[in-house]
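J.: What follows is a structure written as C-alpha coordinates; I'll ask about it next.
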Amino acid sequence: DVLSEIFPKNTQYIHRPLYALIEIAKSKVDSNLEELQPKLVPIPVMEQTFRIDISDILPKDKKPKSNRKAILSIKRRALPLVPAYCITIHKSQGQTLNKVMIDLKLPNETEDIAAVYVPLSRVKRLADLIILRQFDYKVLLIKPSKSQVTEMERLDQLYLETQKRFSHWFQ
(Lines give C-alpha, C1' and ligand atoms only; values in the text may rest on other atoms or scores of the structure.)
Protein backbone atom coordinates (compact mmCIF):
# COMPACT_ATOMS: atom_id res chain seq x y z
CA ASP A 1 0.00 0.00 0.00
CA VAL A 2 1.49 3.35 -1.10
CA LEU A 3 -0.01 5.39 1.78
CA SER A 4 1.51 3.16 4.45
CA GLU A 5 4.94 3.82 2.96
CA ILE A 6 4.46 7.61 3.02
CA PHE A 7 2.66 8.09 6.35
CA PRO A 8 3.62 6.53 9.70
CA LYS A 9 1.43 3.70 11.02
CA ASN A 10 -0.06 5.85 13.80
CA THR A 11 -1.38 8.51 11.35
CA GLN A 12 -4.95 9.60 12.06
CA TYR A 13 -6.99 11.00 9.20
CA ILE A 14 -9.03 14.06 10.08
CA HIS A 15 -12.26 14.75 8.25
CA ARG A 16 -13.85 18.13 7.65
CA PRO A 17 -15.82 19.37 10.66
CA LEU A 18 -19.59 19.02 10.59
CA TYR A 19 -20.06 21.79 13.15
CA ALA A 20 -18.22 23.97 15.65
CA LEU A 21 -19.06 23.83 19.34
CA ILE A 22 -19.22 27.31 20.80
CA GLU A 23 -19.55 27.88 24.54
CA ILE A 24 -21.69 30.88 25.35
CA ALA A 25 -21.01 31.26 29.06
CA LYS A 26 -23.64 33.90 29.82
CA SER A 27 -26.31 32.33 27.64
CA LYS A 28 -29.75 32.10 29.20
CA VAL A 29 -30.67 29.29 26.84
CA ASP A 30 -29.52 25.81 27.80
CA SER A 31 -28.78 23.32 25.05
CA ASN A 32 -31.20 20.39 25.12
CA LEU A 33 -29.10 18.28 22.80
CA GLU A 34 -28.06 14.90 24.13
CA GLU A 35 -24.41 14.45 25.05
CA LEU A 36 -23.73 18.20 24.98
CA GLN A 37 -22.91 20.18 28.07
CA PRO A 38 -25.20 23.12 28.87
CA LYS A 39 -24.14 26.40 27.25
CA LEU A 40 -22.52 24.56 24.29
CA VAL A 41 -24.15 25.56 21.03
CA PRO A 42 -23.40 23.66 17.80
CA ILE A 43 -22.86 25.88 14.76
CA PRO A 44 -23.32 23.69 11.65
CA VAL A 45 -21.41 23.98 8.40
CA MET A 46 -23.43 25.96 5.87
CA GLU A 47 -23.46 25.29 2.16
CA GLN A 48 -24.34 27.86 -0.46
CA THR A 49 -24.37 27.61 -4.23
CA PHE A 50 -24.31 30.70 -6.36
CA ARG A 51 -23.84 31.44 -10.03
CA ILE A 52 -21.89 34.29 -11.60
CA ASP A 53 -21.50 35.52 -15.14
CA ILE A 54 -17.78 35.59 -15.96
CA SER A 55 -18.07 36.72 -19.58
CA ASP A 56 -16.86 40.23 -18.64
CA ILE A 57 -13.56 38.92 -17.27
CA LEU A 58 -12.79 36.39 -20.01
CA PRO A 59 -10.25 37.30 -22.71
CA LYS A 60 -11.83 38.14 -26.08
CA ASP A 61 -10.72 34.87 -27.69
CA LYS A 62 -12.30 32.83 -24.85
CA LYS A 63 -15.67 34.63 -24.79
CA PRO A 64 -18.64 32.61 -26.01
CA LYS A 65 -19.84 33.28 -29.53
CA SER A 66 -23.03 35.35 -29.71
CA ASN A 67 -24.36 37.10 -26.62
CA ARG A 68 -24.58 34.00 -24.44
CA LYS A 69 -23.47 34.33 -20.86
CA ALA A 70 -20.57 32.34 -19.45
CA ILE A 71 -22.05 31.14 -16.16
CA LEU A 72 -19.85 29.68 -13.46
CA SER A 73 -21.52 27.75 -10.65
CA ILE A 74 -19.72 27.92 -7.30
CA LYS A 75 -20.48 25.83 -4.25
CA ARG A 76 -19.15 27.13 -0.94
CA ARG A 77 -19.13 25.13 2.28
CA ALA A 78 -17.92 26.79 5.49
CA LEU A 79 -18.56 27.44 9.15
CA PRO A 80 -20.56 30.68 9.38
CA LEU A 81 -18.11 32.35 11.75
CA VAL A 82 -16.67 35.83 11.41
CA PRO A 83 -13.55 36.86 13.33
CA ALA A 84 -14.23 39.91 15.45
CA TYR A 85 -12.91 41.74 18.45
CA CYS A 86 -14.12 44.51 20.67
CA ILE A 87 -12.43 47.54 22.13
CA THR A 88 -13.43 50.32 24.46
CA ILE A 89 -14.43 53.74 23.20
CA HIS A 90 -11.26 55.20 24.72
CA LYS A 91 -9.08 52.63 22.93
CA SER A 92 -10.72 53.48 19.59
CA GLN A 93 -9.90 57.20 19.82
CA GLY A 94 -7.69 58.30 16.96
CA GLN A 95 -8.27 55.13 14.94
CA THR A 96 -10.01 54.72 11.61
CA LEU A 97 -11.76 51.35 11.52
CA ASN A 98 -13.13 49.39 8.56
CA LYS A 99 -16.37 48.27 10.18
CA VAL A 100 -17.92 49.31 13.49
CA MET A 101 -20.84 47.90 15.43
CA ILE A 102 -21.89 50.19 18.28
CA ASP A 103 -24.39 49.97 21.10
CA LEU A 104 -25.76 53.47 21.74
CA LYS A 105 -27.87 52.31 24.66
CA LEU A 106 -25.68 54.00 27.25
CA PRO A 107 -25.76 53.52 31.02
CA ASN A 108 -27.94 56.15 32.71
CA GLU A 109 -25.02 57.88 34.42
CA THR A 110 -23.15 58.47 31.13
CA GLU A 111 -23.18 62.17 30.31
CA ASP A 112 -19.99 62.24 28.23
CA ILE A 113 -20.41 63.43 24.64
CA ALA A 114 -17.29 61.42 23.68
CA ALA A 115 -19.16 58.19 24.54
CA VAL A 116 -21.34 58.85 21.49
CA TYR A 117 -19.18 60.93 19.16
CA VAL A 118 -16.03 58.80 19.23
CA PRO A 119 -17.51 55.45 18.14
CA LEU A 120 -19.76 57.09 15.54
CA SER A 121 -16.80 58.85 13.95
CA ARG A 122 -14.41 55.87 13.60
CA VAL A 123 -15.57 54.88 10.10
CA LYS A 124 -15.19 56.71 6.79
CA ARG A 125 -18.57 55.68 5.37
CA LEU A 126 -21.98 55.39 6.97
CA ALA A 127 -22.39 52.00 5.28
CA ASP A 128 -19.57 50.67 7.50
CA LEU A 129 -21.44 51.53 10.71
CA ILE A 130 -23.98 49.26 12.39
CA ILE A 131 -26.01 50.43 15.37
CA LEU A 132 -26.75 47.33 17.42
CA ARG A 133 -30.22 48.16 18.77
CA GLN A 134 -32.80 50.86 19.37
CA PHE A 135 -31.54 53.74 21.51
CA ASP A 136 -32.85 56.92 23.05
CA TYR A 137 -32.35 59.78 20.59
CA LYS A 138 -31.42 62.05 23.51
CA VAL A 139 -27.95 60.43 23.67
CA LEU A 140 -27.15 62.28 20.44
CA LEU A 141 -28.08 65.58 22.08
CA ILE A 142 -25.63 65.39 24.99
CA LYS A 143 -24.12 68.81 25.59
CA PRO A 144 -20.41 69.20 26.35
CA SER A 145 -19.50 69.53 30.01
CA LYS A 146 -18.24 72.85 31.43
CA SER A 147 -14.66 71.56 31.43
CA GLN A 148 -14.98 70.51 27.78
CA VAL A 149 -16.35 73.94 26.80
CA THR A 150 -13.53 75.62 28.75
CA GLU A 151 -10.95 73.47 26.94
CA MET A 152 -12.47 74.27 23.54
CA GLU A 153 -12.36 77.99 24.35
CA ARG A 154 -8.71 77.66 25.44
CA LEU A 155 -7.83 75.88 22.17
CA ASP A 156 -9.68 78.54 20.15
CA GLN A 157 -7.69 81.26 21.94
CA LEU A 158 -4.41 79.42 21.25
CA TYR A 159 -5.35 79.21 17.58
CA LEU A 160 -6.01 82.96 17.40
CA GLU A 161 -2.71 83.76 19.14
CA THR A 162 -0.84 81.40 16.82
CA GLN A 163 -2.53 82.99 13.81
CA LYS A 164 -1.39 86.47 14.94
CA ARG A 165 2.13 85.37 15.82
CA PHE A 166 2.69 83.43 12.59
CA SER A 167 0.40 85.38 10.27
CA HIS A 168 2.63 84.73 7.25
CA TRP A 169 1.71 81.02 7.48
CA PHE A 170 -2.02 81.74 7.40
CA GLN A 171 -2.19 83.64 4.10
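J.: How many residues does the range 130-153 contain that are polar (S, T, N, Q), over 15 Å from Ala114 (Cβ atoms) and assigned to a loop (DSSP other than H, G, I, E, B)?
T.: Within the range 130-153, residues that are polar (S, T, N, Q), over 15 Å from Ala114 (Cβ atoms) and assigned to a loop (DSSP other than H, G, I, E, B) number 1.
J.: For the range 75-100, which positions are over 30 Å from His15 (Cα atoms) and of a type in the set (Val, Ile, Thr)?
T.: Ile87, Thr88, Ile89, Thr96, Val100
J.: Tell me the strands (runs of 3 or more DSSP E) entirely within the range 1-104 that contain at least 1 residues that are of a type outside the set (Ser, Thr, Tyr) and exposed (fewer than 10 other Cβ atoms within 10 Å of the Cβ). Outline the logic, then answer.
T.: Numbers: elements: 19-23, 40-44, 46-53, 71-78, 100-102.
Result: 46-53, 71-78.
J.: Related question: Among (1) modelled with pLDDT under 95; (2) within 23 Å of Gln93 (Cβ to Cβ), there is one condition Phe166 misses while meeting the rest; what is its number?
T.: Every listed condition holds for Phe166 apart from (2).
J.: For the range 11-70, enumerate the residues that are at pLDDT 85 or above and among the charged types (D, E, K, R).
T.: Result: Glu47, Arg51, Asp53.
Yes or no, residue by residue, for (1) more than 30 Å from Leu18 (Cβ to Cβ); (2) touching a residue at least 40 places away in the same chain (Cβ under 8 Å); (3) out of contact with any Lys or Arg (no Cβ under 7 Å at 6 or more places or on another chain); (4) among the charged types (D, E, K, R):
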site	(1), (2), (3), (4)
Gln95	yes, no, no, no
Ile102	yes, no, yes, no
Pro107	yes, no, yes, no
Val118	yes, no, yes, no
Arg133	yes, no, no, yes
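J.: May I pose another question? Would you please name the residue that is modelled with the highest pLDDT, looking only at residues in the range 119-148 that are loosely packed, with under 11 Cβ neighbours inside 10 Å and among the hydroxyl-bearing types (Ser, Thr, Tyr)?
T.: The selected residue is Ser147.
The values are calculated or read from the model by the stated rules, or taken from the named source; none is laboratory data. Predicted, not measured: the structure shown is a model, and the values here were computed from it. Glycine also receives a Cβ, built like all others from the backbone with ideal geometry; neighbour counts cover every protein chain displayed.
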